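For reference, the structure discussed in these notes is given below.
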Amino acid sequence: MIRQFLAIAVAFSLMPFWTKKKLGFGPMLLITGVILSLVAGVAPMTMVNNFLAVFTTPSTLKTIIIVVIVGMLGSLMKHYGILDKIVETLKELISSSKAIITVLPAVIGLLSVPGGASLSIPFVDKIGDDMGMSGQTRSVINLSFRHISMFLLPTSTSIIMVTTVIPDINLYGLIGMNLGFVLLMQATSYFLYVRKYDDIKSETSSNKGKALVNLLVYLSPIYMVVVFNGVFGIEMYISAMLSLVLILLLWGLKNVKEYAQVAYKGISVSTFTMLVGVYFVQNTIKSLDQVMSGFSTLFNNASGFSILLVIAAAAVLFGLTTGLSMVPLGIILPLVNNLPLTVEMKLVYCFFIYVWSFLGYFFSPLHMCQLLTVKHVGCGNGPVYKEYSKLIPCLAVYSFVLFYLYSFIFA
C-alpha cells in the first residue's frame, strides 16, 4: 500500500518539472501516468490496458468527441463574431463590467460538458484584460463562477450520481444545502478577485426587449445543447453536433466552405493529446487496488470528527489525482451509506462529501476546465495556484461550518 501512495506522490510532485520543460499538457500527463505505473509496480500489460482503455471505453470516447466539438464551436463563434456580440449585448442589458465578468461564466456554465470553460474564458479574458486584471486572476474568476451549475442543476451528473448511490437522499434537499456553499464561495471569490478593480460602466440599451432577443439568438449554440440533451433526451455529443448545424444554418450558409475550414481549424491536436493523458492517469489510479482498499478500511474504523477528516483527505486525493469529482463520489458515498445514520444525517454527510469531491476536482492539475483556461490565457499553472491559495482555506472552513450548522438543524 505504501508503495502505491508513494507512487502517487512521486508522479505528481514531478509535474512542475515537466511543465518547466514546456512539454505540453498531453505529453506531461502521459509521462506522469507511466511514472506512476512504474513506481507503483503496475504490471506492464495492465499499464498497456490502462492506455488502450482510453480508446475503447465508450463514455471516454464520447467525452473526447464532446471536447473536440466544443473547440469547433468556440472557433466558429469567434470567427462569426458571436462571442463579441454576446459581450456587447450583455453590456446593453447590464452596465457593470464586474457584473458581466461574473454572470457570463455562470450562464455559459449551464452547458455542463467537459471542457466547457473554453467557451467562457474568451469573454472573461477580454473583459478582465480591459479591467487590468492579471492572467491568473482572469483564470480563477472564470473557473470559480462557471461551476455554479454543478451544485444547483438537478441535471448535474454529480448530483444525479449522489441520488443514484443513496436513493433515500432528497435531491432538492441536497441542492438547498449546496446553495449555502455556492453563495459563500461566490461572495468570497468576488471579494478576493473582483471587488478591488475599478468598474467599467457602459450605457444600457433603451430597447432591452430587443437586446434580450438578440442575446438569446447569440447564445443559442450553447443553451440549445442543453435543450437537445435535457428536453429531447439526445445524447450530449450528438446535441453538441446539432449546435454545429445550428451555427451553419444561422451564420454559415453564405459560405459553407469557409464554415468547414473554420470548424476544422477548431480541432486541437494538443487538446486531444491532453485528454488522452488525463484518462490514462485516471485509469492508472483506478487500477491501484491497495490505495482503494486502504481508504475503505480507514473510513470504516474512523468516528466523529475523524470521519470528516478521512472524507476530506480521500476526496482530495482521488479528486486531485483524477481531475474528476465522480471518482471520490463513487468511492466514498457507498461507505457513508453503510453507516448507522438517519436519512437527514446521511443528507448532511452527502453534502460534505459533495463539497470535498468538488474541491479535490476543482483544484486538480488534471481539472479539464483549468487546463483549457490556463492554455487559453497562457499564464501557467503556478500563478493560478498562487491565487488559489487565498480561496482554498476559506472554502475548507465553509465546508466544516456548514456541516455542523446543517447537523444542528437536522439533529
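The values are calculated or read from the model by the stated rules, or taken from the named source; none is laboratory data. Here the structure is a predicted model, which means the values were calculated and not measured. Glycine gets a Cβ as well: all are built from the backbone with ideal geometry, and neighbour counts include every protein chain shown.
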From the residues in the stretch 128-164 that are modelled with pLDDT of 90 or more and among the β-branched types (Val, Ile, Thr), which one is nearest to Pro328 (Cα to Cα)? Val140
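For (1) surrounded by fewer than 19 Cβ atoms within 10 Å (Cβ to Cβ); (2) under 26 Å from Gly209 (Cα atoms), each residue gets a yes or a no:
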position	(1), (2)
Met72	no, no
His79	no, no
Glu92	no, yes
Ala99	yes, yes
Val103	yes, yes
Ala106	yes, yes
Lys126	yes, yes
Thr137	no, no
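How many residues does the stretch 1-34 contain that are of a type in the set (Val, Ile, Thr) and within 19 Å of Leu275 (Cβ to Cβ)?
Step one: filter the stretch 1-34 for residues of a type in the set (Val, Ile, Thr), giving 2, 8, 10, 19, 31-32, 34.
The next check asks that each one be within 19 Å of Leu275 (Cβ to Cβ); those that pass are 19, 31-32, 34.
Selection size over the stretch 1-34: 4.
How many residues are in a helix (DSSP H, G or I) and in contact with a strand residue (DSSP E or B) (Cβ under 8 Å, 6 or more places away or on another chain) when one looks only at the stretch 44-98? So that I can check it myself, show each step before the final result.
Kept after step one, since they are in a helix (DSSP H, G or I), are these residues of the stretch 44-98: 44-56, 58-79, 82-93, 97-98.
After this cut, where a residue has to be in contact with a strand residue (DSSP E or B) (Cβ under 8 Å, 6 or more places away or on another chain) as well, the list is 97.
Count: 1.
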Just the residues that are at pLDDT 75 or above, over 22 Å from Arg3 (Cα atoms) and of a type outside the set (Ser, Thr, Tyr), please, taken from the stretch 292-311. Phe305, Ile307, Leu308, Leu309
Name every residue in the stretch 187-214 that is of a type outside the set (Val, Ile, Thr), out of contact with any Leu (no Cβ under 7 Å at 6 or more places or on another chain) and assigned to a helix (DSSP H, G or I), in order of residue number. Ala187, Tyr190, Phe191, Tyr193, Gly209, Lys210, Asn214
Every residue from the stretch 120-160 that is more than 15 Å from Ser189 (Cβ to Cβ), part of a helix (DSSP H, G or I), of a type outside the set (Asp, Glu) and more than 18 Å from the chain's Cα centre (by Cα): Lys126, Ile127, Gly135
Inside the stretch 70-88, can you point out the residues that are of a type in the set (A, V, I, L, M, F, W, C) and modelled with pLDDT of 85 or more? Met72, Leu73, Leu76, Met77, Ile82
Any chance you could count how many residues in the stretch 374-396 are basic (Lys, Arg) and over 16 Å from the mean Cα position of the chain (by Cα)? 2
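Mind listing whichever residues of the stretch 369-407 are among the charged types (D, E, K, R) and part of a loop (DSSP other than H, G, I, E, B)? Outline the logic, then answer.
So in the stretch 369-407, the residues among the charged types (D, E, K, R) come out as 375, 386-387, 390.
Listed by number, the list is empty, since nothing qualifies.
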Of the residues that sit in the stretch 188-208 and are surrounded by fewer than 12 Cβ atoms within 10 Å (Cβ to Cβ) and not charged (D, E, K, R), which one is nearest to Ser96 (Cα to Cα)? Ser206
Identify all residues within the stretch 161-182 that are in a helix (DSSP H, G or I) and not aliphatic (A, V, I, L, M); write none if there are none. Thr163, Thr164, Tyr172, Gly173, Gly176, Asn178, Gly180, Phe181
